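Beneath this line is the structure, given in structure tokens, with notes to follow.
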Number of protein chains: 2
Amino acid sequence: MVQIAVLGYGTVGSGVVEVLRTNRESISQRAGMPIEIKYVLDLREFPGDPVQEILVHDYETILQDPEVAIVVEVLGGIEPAHTFAKQALEAGKSVVTSNKALVAKYGVELTELAKEKGINFLFEASCGGGIPIIRPLLTSLTADVIDEITGILNGTTNYMLDKMSSEGADFDEVLKDAQAKGYAEADPTADIEGHDACRKIAILSSLAFGKFVDYEEIPTEGITKITAKDMLYAKKLGMAVKLLATSRKVGDAVYAAVAPYLVGPQNPLYSVNDVFNSIFVHGNMLGDAMFYGSGAGKLPTASAVVADVVDEAKHLHENLGVSLGMEKLELMENSQVTGRYFVRIRGDIQKDAGNIEKIFGEVTLVEADGLTDEFGFITTEMKQGEYQEKASGLSDVLGMIRIKD
Amino acid sequence: MVQIAVLGYGTVGSGVVEVLRTNRESISQRAGMPIEIKYVLDLREFPGDPVQEILVHDYETILQDPEVAIVVEVLGGIEPAHTFAKQALEAGKSVVTSNKALVAKYGVELTELAKEKGINFLFEASCGGGIPIIRPLLTSLTADVIDEITGILNGTTNYMLDKMSSEGADFDEVLKDAQAKGYAEADPTADIEGHDACRKIAILSSLAFGKFVDYEEIPTEGITKITAKDMLYAKKLGMAVKLLATSRKVGDAVYAAVAPYLVGPQNPLYSVNDVFNSIFVHGNMLGDAMFYGSGAGKLPTASAVVADVVDEAKHLHENLGVSLGMEKLELMENSQVTGRYFVRIRGDIQKDAGNIEKIFGEVTLVEADGLTDEFGFITTEMKQGEYQEKASGLSDVLGMIRIKD
């Protein structure tokens, strides 16, 4: 038998308890032993909930108990999550977390500490919720050199963009709807500004490229500038607007970004709708692969957390070699990255197209149904720096969205 | 260093050599040691190919060499693959195979033999080519009780159906095209009759449900009866025809089948096109997940084979616990499975719809553009046995396709 403690009885924490109770038998079988929750840590009381019997308010009880072999950190946020995780590892207890903020900021320190102690710090649920992506990257794609990871890593914004597209609704309206449905939080900044996706792509990129990617250095743009009008152009182009978190090798360099992209129907990410997440990976031998599923939600996230607990139970005194890289990966300058750009312009397509072509050379003009005082165009492939220089020569740019075919 | 032997220098075998050479450095790093190919076994000679230097024609050389720790079987077919794999395991050498026929028929024997010897028999490449599915099923979805696996597991037929749909071409025509492109073999029976997909779903079901599924007991229907006319109805319905290999829990029983299905746009398998494969999994906690990628092809398949080699190199004297189940899973009777059915009828919709409704109750009638002497209808949900009984009362059934929303 292995005994564990769950830190935080919120959405994910109560999911972990539920998963372990519901699938008790099959989980024991796979772990090779029963997994028992000895403590749940939470400052609150839960009268009437069976968890009350194992509820503690003081982390010291858990830290001092030599029977607790695994600590599940599902508090979220940086503190006290960081201190608690570190203390657990120092006390020889393996740690599982679903906390992307913690992993993006302190993952290197905590994985190295786990290695030193011959135990584990695992975080499958931190990226893509229930989707198995971290373990497959580390244990299945071992024959490949990964050259791209591109994901729809935030369900809230994917739901919102989907809704804007299908209903012609504007940003503020779908945000309110997402909040009413519980998909977006009262303060939705982390989702809509791309911060959440940024931390996740930083973690996945570190694992894929073997060097630590600092999330603070990833150019990050959210979806707040996307409007119902953009969706009209997308429809006309047969494309979808998706918030992508991407990193890819360009020669010896690596580029990373979070931004809205126009995605074409040939791309497997095109048809990822609603709150689903999906992670596209390209390996130099494997070619294209994609992992799809529920990127958030109580039970899917808890499922990934418990899978990590099972792995740690099976390897109680053996470090599994998970590393976010010791060396830092210097990311390529944004301005050096090439791509194509969809640009919306205030003006008259008949009168102004000539000027656009004078500046950008060959472009594809686009008119959206019902929009008369503006039009759009798509550039040929060019460096982002070059695009910005050229765009500065236009007086009436209403918006720009990058293209991902 | 770990030394390996590759049995067969065909498509996959030469891919294995290429993957190990191209990604030599990163593979060594992940395995924790260099992986060297000591022998390639093939009856043919390959003058001018560097493989010639390590080519052997007699398996005994490999079996008798204590330095060979891992044998990669990529010959395909049952014999001599089965004998060679068994002899290797008996000689204490771990085995990797991409051979679904071998695994479906002798997988239980070979995994148990590996367990007994404290070594491994791994077969990630046997299902879904390069797509990581077996390892994620066994090591990532450990918190879940799997209740459904449904896959597009054969790239040849997916390419053909896609082509029939997009070009309005008929079966024989696209088969010739697929053969010309090298997607279909000269004898395409195993693909188009569903035998290939059947073996793969048998393997995946055994792993997911923990009991051995005999592929010979899975009702299997190929795509040879699908016509260009069916595609006209599919278009009208906004659905796609896909050859699905599926198994799912129904109460305490398990149902498995391989057949063409009409798939709706809300299903993530709907947009899997071309030669790509994709495997949908539903877990009782995780919900929906899907794994997408190249289901065949030299390098994607070799990538999965080499990933297994890396895993075996890391666990040279430790059995990883892979099991296809010791007990046999008794599958549910076909006739007891419920579903909805799309049926094509020769006749006149105005005159004959009444009779259809008299037999089937409520149905949804469908007319396809350009087809005047026939029409279609979709039944409500009923048992397959009930459908067959009712359909026997119709004189002019042109075809039936099951529905998967």
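Computed from the coordinates by the stated procedures, all read-outs in this text should not be read as laboratory data. Everything quoted here is computed from the prediction, not taken from an experiment. Using ideal geometry, Cβ is built from the backbone for each residue, glycine included, and neighbour counts are taken over all protein chains shown.
Could you check what % of the DSSP bridge pairs in the protein assembly as shown are antiparallel, to the nearest 5? Once the DSSP bridges in the protein assembly as shown are tallied, antiparallel ones form about 65 percent. Of interest is the spacing of the C-alpha centroids, which for region B:32-64 and region B:251-301 amounts to 37 Å. Pairs of lysine residues in region B:138-294 that meet both criteria, 8 or more places apart or on different chains and Cα atoms under 18 Å apart, total 15.
Label-to-label distances for B:Arg24 across copies, nearest first, come out at 5.5 nm, using points 7 Å from Cα in the beta-carbon direction.
Peptide A:278-287 has a mean of 6 when you count, residue by residue, the C-beta atoms of other protein chains within 10 Å of its C-beta. For the protein assembly as shown, the residue among B:Phe84, A:Gly385, A:Leu153 whose Cα projects farthest onto the positive side of the dipole built from Cβ charges is A:Gly385.
Sticking with the crude label model, points 7 Å out along Cα→Cβ, report the distance from A:Ala228 to B:Asp274 in nm, one decimal please. Going by the 7 Å Cα→Cβ label model, 3.6 nm. The Cα atoms of region B:161-269 give a gyration tensor whose axes a ≥ b ≥ c have a/c of 1.5 or more with a/b no greater than b/c, which makes the shape oblate. Overall shape: rounded for the protein assembly as shown, with the ratio a/c of the largest to smallest alpha carbon gyration tensor axis below 1.5.
Position B:Leu394: other-copy label points at 5.5 nm, ordered by increasing distance, label point 7 Å along Cα→C-beta. Partners of A:Lys358 within straight-line reach, counting lysines whose Cα lies under 17 Å from its Cα and excluding those fewer than 8 residues away in the same chain: A:Lys390. Connecting C-alpha atoms closer than 10 Å in a GNM of chain A, tell me which of A:Ala234, A:Ala302, A:Ala256 has the biggest fluctuation. Evaluated over chain A, the most mobile residue of the options is A:Ala234. Between copies, B:Gly361 shows label-point distances of 6.6 nm, shortest first, with the point placed 7 angstrom from Cα along Cα to C-beta. Which stretch or stretches of region B:25-41 have amide N atoms under 14 Å from the point lying 7 Å from B:Ala91's Cα along the Cα→Cβ direction? Of the residues in region B:25-41, B:38-41 have backbone N under 14 Å from the label point off B:Ala91.
Note on B:Gln29/B:Thr372: beta-carbon distance plugged into 1/(1 + (r/R0)^6) with R0 of 60 Å gives a FRET efficiency of 0.35.
Take the Cβ-Cβ distance between B:Thr338 and B:Glu173 as r, set R0 to 22 Å, and report the resulting FRET efficiency rounded to the nearest 0.05. So the FRET efficiency works out to roughly 0.05.
Counted residue by residue at 0.36 nm each, then reduced by the alpha carbon distance between them, the extension gain from B:Gln350 to B:Lys235 reaches 39.2 nm. For A:Ala186 and A:Glu60, the FRET efficiency from 1/(1 + (r/R0)^6), where r spans their Cβ atoms and R0 equals 22 Å, is about 0.10.
The charge dipole of chain B, taken about the Cα centre with unit charges on the Cβ atoms of Lys, Arg (+1) and Asp, Glu (-1), comes to about 640 debye, rounded to the nearest 20. For region A:334-360, the residues whose amide N sits under 17 Å from a probe point set 7 Å from the Cα of A:Glu221 along the beta carbon direction are A:334-346. Straight-line cross-link reach from B:Lys38 at under 22 Å between alpha-carbon atoms covers these lysines, not counting any fewer than eight positions away in the same chain: B:Lys86, B:Lys93, B:Lys298, B:Lys314. For region B:321-392, GluC sites (Glu not before Pro) meeting the loop criterion (DSSP other than H, G, I, E, B) and having at most 16 other Cβ atoms within 10 Å: B:Glu327, B:Glu330, B:Glu333, B:Glu362, B:Glu367, B:Glu381.
Taking the charge dipole of region B:20-94 about its Cα centre, with +1 at Lys and Arg Cβ atoms and -1 at Asp and Glu Cβ atoms, the residue from B:Ser28, B:Leu43, B:Ser94 reaching farthest to the positive side is B:Ser28.
Across peptide B:125-135, the mean count of Cβ atoms from other chains lying within 10 Å of each residue's own Cβ comes to 4. Take each residue in A:26-34, count the other chain C-beta atoms within 10 Å of its C-beta, and the mean is 3.
Highest-first packing order for the peptide set B:137-143, A:212-218, A:72-78 is B:137-143, A:72-78, A:212-218, based on the mean count of other beta carbon atoms within 10 Å.
The packing ranking, built from the mean of other Cβ atoms within 10 Å per residue, places the peptides B:126-134, B:9-17 in the order B:126-134, B:9-17, highest first.
Chain A versus the axis that turns it onto chain B: the residue with the nearest Cβ and the distance in whole Å amount to A:Ser271, 2. Taken about its Cα centre, region B:334-404 carries a charge dipole of roughly 320 debye when the Cβ of each Lys and Arg holds +1 and the Cβ of each Asp and Glu holds -1.
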